[in-house]
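What follows is one structure encoded as C-alpha cells, with my remarks underneath.
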Amino acid sequence: MTYKQHIQHLLQRNDWEIIEIGSGLFWWDLEHWKICRYAQSELVICFMGDPLSENRVQEVRLSIQFPERRDEQGAIASIDLQNGRFDEQLKLFEDQLVRFK
C-alpha cells in the first residue's frame, strides 16, 4: 500500500472525505487535498516536495488552511517521508486528526 493509500484509509476510518484535489499552487505543492468531516470541519493535506528532485514528495502536512510558504509553521501534523519512520508518524498524524474533530 502506498503512503497516499494509507492516508486515504485513515481518513475514511475517521469519517473524513476528500472533497477537492489540486496541485501547483506553489513550486513545492506537488498535490493537495481538501478534506471535510460531516460538512463542518475543513482541513488541507499538502504533499510537499521539490519538483527539481524527481517530483518526490518529501513531507505530508495537515493544516487548517493551505500554507503560503513551504517553511510556514502551524501545521496540525506532518509526516516526513525522508526519515524512514512512516508507520510511527502516520499514527501521530491520525492522533492529531482525531483530536481536531
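Some notes on this structure:
- Cβ-based exposure ranking for 43, 10, in which fewest neighbours within 10 Å come first: 10, 43
- Here the dipole of the chain is about 240 debye; that uses its Cα centre as origin and unit charges on the Cβ of Lys and Arg (positive) and Asp and Glu (negative).
- In the chain, the longest principal axis of the Cα atoms and the axis of helix 86-100 are about 50 degrees apart.
- Angle in degrees between helix 3-13 and the longest Cα principal axis of the chain, rounded to the nearest 10: 10
- For chymotrypsin sites (Phe, Trp or Tyr not before Pro), the sites in the range 25-70 that DSSP calls loop and that have at most 12 other Cβ atoms within 10 Å are 27, 38.
- The ellipsoid that matches the Cα gyration tensor of the chain has semi-axes, each √(5λ) in whole angstrom, of 20, 16, 12, with the longest given first.
- Zone of residue 14's modelled label, taken as backbone nitrogen in the range 85-101 under 17 Å from a point 7 Å along Cα→Cβ: 86-101
- Sites counted here are GluC sites (Glu not before Pro) in a DSSP loop (not H, G, I, E or B) having no more than 16 other Cβ atoms within 10 Å; the longest part of the chain that contains none of them is 1-53.
- The chain, relative contact order [Cα under 8 Å, separation at least 6], %: 17
Each reported figure results from applying straightforward, stated rules to the coordinates on display, with no laboratory input. Only a predicted model underlies this, so the values are computations on that prediction, with no experimental measurement involved. Neighbour counts are summed over all protein chains in view; Cβ atoms, including those assigned to glycine, are modelled from backbone coordinates with ideal geometry.
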